[in-house]
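These notes concern the structure reproduced below.
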Amino acid sequence: MTKRQSGTGTELKERQEVTRPPMYRVLLLNDDYTPMDFVVYVLVRYFRRSEQDARRVMLAVHHQGRGVAGVYTREIAETKVSQVTGLAREEGYPLELTLEPESP
Ligand code: TYC
């Protein structure tokens, strides 16, 4: 919306309304005990990945030590970490996730 548009009730608004919130990567960390199928399940259920993409991300984490599960605003990212960590602990798995700011 620009200052020039009239009759919309927004004449006094300026361009700061298009700023975007800081984004955070949710990182999955590898470990030796969490089953591959559980990690795939988490990626599908909590990070809305397709089965095929979930499998690819899981294998990347398995081989490279860490990988991006998804990118969200801070509060949503923290909620995902907390929900998935909780589920993993309930199942007795040591799966760990961390947050990383997208732009430092
Ligand atoms: N390394 C685990 C295994 O061999 C699988 C795994 C993948 C665990 C990704 C955690 O974030 C992870 N069962």
| field | Accessible-area value, Arg56, 1.4 Å probe, nucleic acids and ligands omitted, Å² | value | 140 Å²
| query | Any idea what log10 I(q)/I(0) is at q = 0.17, 0.18, 0.20 Å⁻¹ for region 64-104, Debye with uniform C-alpha scatterers and no solvent? | reply | -0.49, -0.55, -0.66
| task | Subtracting the Cα-Cα distance from 0.36 nm times the residue separation, let me have the gained length for Ser103 to Arg48 in nm, one decimal. | result | 17.5 nm
| query | In a solvent-free Debye calculation with one equal scatterer on each Cα, what is log10 I(q)/I(0) for region 16-104 at q = 0.15, 0.17, 0.18, 0.24 Å⁻¹, listed in the order of the q values? | reply | -0.53, -0.66, -0.74, -1.23
| note | In nm, the gap between the two label points placed 7 Å beyond Cα toward Cβ at Tyr41 and Arg56 is 2.4 nm
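The values are calculated or read from the model by the stated rules, or taken from the named source; none is laboratory data. Since this is a predicted model, take the numbers as computed values, not measurements. Using ideal geometry, Cβ is built from the backbone for each residue, glycine included, and neighbour counts are taken over all protein chains shown. All accessible areas refer to the heavy atoms of the entire protein, side chains included, with ligands and DNA or RNA removed. Shrake-Rupley method; radii C 1.70, N 1.55, O 1.52, S 1.80 Å.
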